[in-house]
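Student: This is the structure I want to talk about, given as structure tokens.
The values are calculated or read from the model by the stated rules, or taken from the named source; none is laboratory data. Just so it is clear, the structure is predicted and the values come from calculations on it, not from any experiment. No Cβ is skipped: glycine too gets one built from the backbone with ideal geometry, and neighbour counts run over all protein chains shown. Remember, those area values only see protein heavy atoms, side chains included, never the ligands or the DNA or RNA. Shrake-Rupley method; radii C 1.70, N 1.55, O 1.52, S 1.80 Å.
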Amino acid sequence: MWPVDIAQRWRWLFAPTSADLGFAVRTSAAAILSLLIAMWMELDSPAWAPLTVWVVATASRGETLSKARWRLVGTGIGCCMGVGLIAAFPQETGLFFIGLALWIGLCCGFATFFGGYRRYGFLVASFTSVIVSTGAIHQPDDVFSVAIARGTYIVLGIVCEAALAAMFLPTVRDQARQRLLMRLDQITAEVSRRVNDIHAGAGDIDAEQQLLASIIAANARIEYDVLEMGAGARRQGDHARGALACLLGALARARGGAPHEDIGKGLAEAHAHIQTISSPRRGDRFTFRTRSPRDKVEALYNALRAITGIIGAWLLWEITAWPSGTTFVAYVALVYGLLDTREIPALASSGFFRGALWCAAVAAFYVFRVVPAVTSPECLACLLAVPAIAGGLAARNPALVNHAFSFNMFLPVLIGPSNLMRYDEVSFLNTTGAFLGAVLFARLTFGVVLPFRADDHLMRTARWVDRRLGTVARDPGMSVHRWLSENADSMVRAARMCQRVPPDVMRQAMARHLQAMVLGMWVIELRDIANDPHTPAPTRKRLRVFLRTWTRAPLVAVQNAAMIAHNLQRHTQANPAAITALNGVARSTFFAPQDPLAATESEE
């Protein structure tokens, strides 16, 4: 009988859920199938095909379709860029690696800047150009053939993973709609409970933050649900986004002290959207679009890290004249591209390195003990299933996801199955040494070059909120739904990235961000009322004075809001929505003298 803590630690391997086991078996089968087909086609480096499978593998069919689509686009761009770099600098190693570093940095920056699986298009463009250009660096005349071969591996891996996903998930269309409706119903019920708690004076910042995280995750998931539901489901996806926007608005209004009637309207609109998804209407033309906030600073940092790291790896090769230097630089570029799809690459690099160590150990066992005894690719495929399934199970464990990230993708590459040869000890040790050195080098540079700091991220987020809050009164493109969704997304992202910040500091920062989100909502509503031609002229005049004051001196505008609301109430044609918004602004404590972040910074 094992101790409880050990049993829980290894539960993911010895007692997995059916969903985890299904993912591991499906993805392992797709990886092995792609390897066998690549070997049957007698391609020179068939191990790149299963690597592709693990890169595009996801837990659902919709995610796989989205990821694979952008991966195909990135493959074409990467192959063209790899050929272009070799053609531009065929005999200039220094210029070649500088150009490669700039290209990888650009891809890493855009991969961080864009959300969803669009980032994988840039990831694939980066590492496809690496494997094409470095594969042909010693024989530039063969670069076109190398590009075709590497592109074939990637397309083969995508097709195999998509085919196995379709076989394992045959009823995905009906299940996708059911899951979407169930998710929306659960969030609606939770929002209703939170609204009642807030009105009862039992608001909980932590609970509201978790609810916002559920709303943002559900909104990101809609893209994949629509792909799984098939053609004609786009309107249902728009209704799902509209429902979540209404729920987010209801939560913000409750936070701002709005009357029950206003909050009830938002909840009723959400229910109407959900009912439309359950029973679609013919001729529906409803559209709703959302956009995630773009983190320009973090994108710039990741681009500079990648450029600095690749140029540093090339200089290390130039200085040491390491025979495996080309492989080392190629792996550094690959690792940077892969890690930049993670939210915090510096933290992910630690688990990535541990997974690389396990990968090297297992690969050594297979190269020295298993491969010499195998006489056919089919036998090798069966033997590879054991570590592949174990790695797939680890990929579903949140604590081991970064370990599995490197283990699954690079295990076939280090084993190096081929029709033409078998690894000898020297070749394996050289390749494995270059791989481990590249992962360690990337980990060190992530910690040295513009290292991530949670407190700095919190302060940067606070400045972003202050800056955006001051411009909402004169930004006609900023709607209430967009303001709420962008701020909720920013809050959830900060909570994920700053888990090492003391809980009290984090709670204060989240409370301040919530206040800003609600305050901005009221100001945007006042701006829309002031721009509405149906609003009575006296009301529009007073609101425009308030908005001009807000732009110049927000604190003064907050102090005057209650007086303006009182003056509007004396008119027979008073706009109830304007009075509600002004009272909400007047109740805001966002501009209170004590700023939690500033206080924390001064104490430090």
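Student: Based on what the data block shows, is LEU338 open to solvent by 50 Å² or more (accessible area, probe 1.4 Å), of a type in the set (A, V, I, L, M) and either part of a helix (DSSP H, G or I) or under 20 Å from VAL130 (Cα atoms) (or both)?
Tutor: Values: open to solvent by 50 Å² or more (accessible area, probe 1.4 Å): no; of a type in the set (A, V, I, L, M): yes; either part of a helix (DSSP H, G or I) or under 20 Å from VAL130 (Cα atoms) (or both): yes.
Judged against the criteria, LEU338 is not a match.
Student: Another question about this same structure. Could you tell me whether segment 528-548 includes any residue that is under 24 Å from LEU212 (Cβ atoms) and open to solvent by 10 Å² or more (accessible area, probe 1.4 Å)? Steps first, please.
Tutor: Within segment 528-548, the subset under 24 Å from LEU212 (Cβ atoms) is 528.
Narrowing the set further to residues that are open to solvent by 10 Å² or more (accessible area, probe 1.4 Å) leaves 528.
Within segment 528-548, one or more residues are under 24 Å from LEU212 (Cβ atoms) and open to solvent by 10 Å² or more (accessible area, probe 1.4 Å).
Student: Also, I was wondering about something else. Output the number of residues of segment 184-216 satisfying the condition of being within 21 Å of the chain's Cα centre (by Cα) and open to solvent by 50 Å² or more (accessible area, probe 1.4 Å).
Tutor: 2
Residue-by-condition table, conditions (1) under 23 Å from SER588 (Cβ atoms); (2) at pLDDT below 90; (3) not aliphatic (A, V, I, L, M):
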residue	(1), (2), (3)
GLY230	no, yes, yes
ARG235	no, yes, yes
CYS246	yes, no, yes
PRO259	yes, yes, yes
ALA270	no, no, no
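Student: Among the numbered criteria (1) in contact with a Phe, Trp or Tyr (Cβ under 7 Å, 6 or more places away or on another chain); (2) open to solvent by 20 Å² or more (accessible area, probe 1.4 Å), which one does VAL558 miss?
Tutor: Tallying (1) in contact with a Phe, Trp or Tyr (Cβ under 7 Å, 6 or more places away or on another chain); (2) open to solvent by 20 Å² or more (accessible area, probe 1.4 Å), VAL558 fails exactly one: (2).
Student: Is it the case that segment 84-92 has a residue that's in contact with a Ser or Thr (Cβ under 8 Å, 6 or more places away or on another chain), of a type in the set (Gly, Ala, Ser), in a helix (DSSP H, G or I) and open to solvent by 20 Å² or more (accessible area, probe 1.4 Å)? Can you show your working first?
Tutor: Of all residues in segment 84-92, those in contact with a Ser or Thr (Cβ under 8 Å, 6 or more places away or on another chain) come to 85-86.
Narrowing further to those that are of a type in the set (Gly, Ala, Ser): none.
No - not one qualifying residue is present in segment 84-92.
Student: Would you be able to say whether some residue in segment 531-546 is under 36 Å from the mean Cα position of the chain (by Cα), part of a helix (DSSP H, G or I) and either closer than 20 Å to ASP466 by Cα or of a type in the set (Phe, Trp, Tyr) (or both)?
Tutor: no
Student: When you go through ALA220, ALA213, ALA189, ALA207 one by one, which is the residue that is part of a helix (DSSP H, G or I), among the hydrophobic types (A, V, I, L, M, F, W, C) and within 13 Å of ALA250 (Cα to Cα)?
Tutor: Details: ALA220 fails: within 13 Å of ALA250 (Cα to Cα); ALA213 fails: within 13 Å of ALA250 (Cα to Cα); ALA207 fails: within 13 Å of ALA250 (Cα to Cα).
The conditions single out ALA189.
Student: Here is a follow-up. Among residues belonging to segment 351-384 that are touching a Lys or Arg at 6+ places or on another chain (Cβ under 9 Å) and free of Cβ contacts under 8 Å to residues at least 60 places away in the same chain, point out the one that is most open to solvent (accessible area, probe 1.4 Å).
Tutor: We begin by selecting, within segment 351-384, every residue touching a Lys or Arg at 6+ places or on another chain (Cβ under 9 Å); these are 352-353, 367, 371-372.
Next cut, free of Cβ contacts under 8 Å to residues at least 60 places away in the same chain only: 371-372.
Values: VAL371: 30, PRO372: 77 Å².
Filtering segment 351-384 for residues that are touching a Lys or Arg at 6+ places or on another chain (Cβ under 9 Å) and free of Cβ contacts under 8 Å to residues at least 60 places away in the same chain, the one most open to solvent (accessible area, probe 1.4 Å) comes out as PRO372.
Student: Right, next: Which residue, of ALA306, ALA254, ALA258, ALA250, is surrounded by 22 or more Cβ atoms within 10 Å (Cβ to Cβ), touching a Gly at 6+ places or on another chain (Cβ under 9 Å) and either part of a loop (DSSP other than H, G, I, E, B) or on the phi > 0 side of the Ramachandran plot (or both)? Write out each step before concluding.
Tutor: Numbers: ALA306 fails: either part of a loop (DSSP other than H, G, I, E, B) or on the phi > 0 side of the Ramachandran plot (or both); ALA254 fails: either part of a loop (DSSP other than H, G, I, E, B) or on the phi > 0 side of the Ramachandran plot (or both); ALA250 fails: either part of a loop (DSSP other than H, G, I, E, B) or on the phi > 0 side of the Ramachandran plot (or both).
So the residue among ALA306, ALA254, ALA258, ALA250 that is surrounded by 22 or more Cβ atoms within 10 Å (Cβ to Cβ), touching a Gly at 6+ places or on another chain (Cβ under 9 Å) and either part of a loop (DSSP other than H, G, I, E, B) or on the phi > 0 side of the Ramachandran plot (or both) is ALA258.
Student: How about segment 385-432: which of its residues are buried (at least 21 other Cβ atoms within 10 Å of the Cβ) and either among the charged types (D, E, K, R) or in contact with a His (Cβ under 8 Å, 6 or more places away or on another chain) (or both)?
Tutor: ALA394
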